Amino acid sequence: MARRADDDADSLERALAPRRGHRWRALALGALVLAVCAAVFGAISSRSLLTAHSPTVRPAVHHNQPCPARVTSRPTEITIQPDRDGIGLVQNLAWSPLGTCIAVLATQTTRSGAPGPPLLATYAPTTGTLLSLVPLTTALTRALAGNPRATASLSGLSVEYGDPLWLPDGQHVVITVTALTPDELTPRLAGVLLVDDQGLQPHALLVPSGSTPPVVEWDLASGGAQVITALPPALDYRWDPDGTLRPVTTLTTTAPPPTPALSPIGDPAGGPSFTVWQPGLVYIALAPPTPGANVALPGAYVWQTNFAALAPDGRHLITGLNVTDRLEPRGRRLPSRRQLADLHLDQAAVLPMRDPSLEAILDALNPLGPPVSETPTILSWSPNGRLLATRPGFIQFGLSPRPLEVYDCATGRRVASLGAGLSPGEAFGDGFRPRWSPDSTRLAAYDFDPQTRLGVLTIWNIASIANPGGRI
């Protein structure tokens, strides 16, 4: 039996050889499916950029440490250089429930400079100290070793790892797993991987996937999984005591609901309720998705985000949630139903304009009238809903770098500009979405140093930099 387990682990290690990944944003219908193996975990959906044969630069031996029990200080600014720890491209960030750790999904540094194998690192945000490094390919191999069915199901597939999500205990992190065909175009398996902040005793669960990644409801106590239909479009959702996620303010495709008063955006990672205003992108859709089609003016304003939802009891989790809704700014010419159909947005629900800061961002997208650009802008509201962090999703060549900016949601005024700014000519993914601490006092963002071109993770104490009216 020991030899068979070793053989399975070896073949699984080959199957999990990291390769370059793609981003998937889709929903699928389905029915009850059987789990390949059961454990206690959950996940959030995103991408992982991986390469196959670049030799890695191994970091020095690191003895993993747990997250601190409490926050002891809040420096005005902390700068972390992940490259010094053998960490290359950062792909996403997640604060622990108490704000004592930041989980970093990244790739290992390679000698060629290309992204290497995936890693999960944790840092102390008050000191910048590296606390742990967990190689994800090794973790998944260990989680599935000894399970011939799981080994066979992954054979020959390209594996992507998703965004980190902390469980309520503040000690375990869950990550989505997507296994695709070798051409990396068609998903075959969807799953979740659980690791603790020490990298010990990993667990994994896999379910079959259709041609697009499914929305999956996981029972984290029993290890059961069910592929479900998309949730009804809504502005906000609430967990019932039995673990059912229900829409609260439903949306339609014709008109937005009344704009509610400023309130918290909610936390889908364990909060009792949450809104769809989670970190995401706003942009103007102009051209129909048909190659060679003409630009469709006046265009449609689109809000897009994707995340997972974990119930307060830490047991029920839904992954693969995707939101693509429309916005209708005041005073703007809006597309007709025919134009929306040409843009494939005629079935997109209409959101209310949340606050003056969102209006200011949309004005900046289009200051001169008819929409002229599809360039997305990254938005991230603080959990209490009072501040909005924003940065460009892409900067065209010839334009000046733009720093991360913070707006007061009540007034729409810019209250802070942070960092040296992003460089022109580069597109930025989930790793560049600013992430707020659970108490809304600190903001973490990843960037490239314009001089060294190395990654820099900066954590600002927003409460001491931009606190309009003392409302934080």
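Extending 7 Å from the Cα toward the beta-carbon at both residue 330 and residue 129 defines two label points whose distance is 5.1 nm.
Using a/c under 1.5 as the rounded threshold, could you call the range 203-242 rounded, prolate or oblate? The axes a ≥ b ≥ c are square roots of the C-alpha gyration tensor eigenvalues, and prolate needs a/b larger than b/c, oblate otherwise. Oblate, since a/c reaches 1.5 and b/c is not below a/b. Stretching residue 304 away from residue 240 to a fully extended chain increases their span by 20.5 nm, per 0.36 nm per residue minus the current alpha-carbon distance.
Of the peptides 100-107, 353-360, the ranking by mean beta-carbon count within 10 Å, highest at the top, reads 100-107, 353-360. Remark: the range 255-267, residue by residue, has Karplus-estimated 3J(HN,Hα) of 8, x, x, x, 6, x, 5, 4, 7, x, 7, x, 10 Hz, where x stands for each Gly or Pro and the curve is 6.51 cos²θ - 1.76 cosθ + 1.60 at θ = phi - 60°. Here the 3J(HN,Hα) profile of the range 237-253, calculated from phi with Karplus coefficients 6.51, -1.76 and 1.60 at θ = phi - 60°, is 9, 9, 8, 7, x, 7, x, 8, 9, 10, x, 10, 9, 6, 10, 10, 8 Hz, Gly and Pro shown as x.
Starting with the fewest neighbours, write out 238, 442, 338 ranked by other beta-carbon atoms found within 10 Å of each beta-carbon.
Exposure proxy ranking, most exposed first: 338, 238, 442.
Simple spin-label estimate for residue 112 and residue 230 gives 3.8 nm between the two label positions (7 Å along the Cα-to-Cβ direction from each Cα).
When each of 265, 465 is scored by the number of other beta-carbon atoms lying within 10 Å, the sequence from fewest to most is 465, 265.
Read-outs throughout are calculated quantities, based only on the coordinates presented, and are distinct from any laboratory measurement. Model, not experiment: these values are computed from the prediction. Cβ atoms come from the backbone with ideal geometry, glycine included; neighbour counts cover every protein chain shown.
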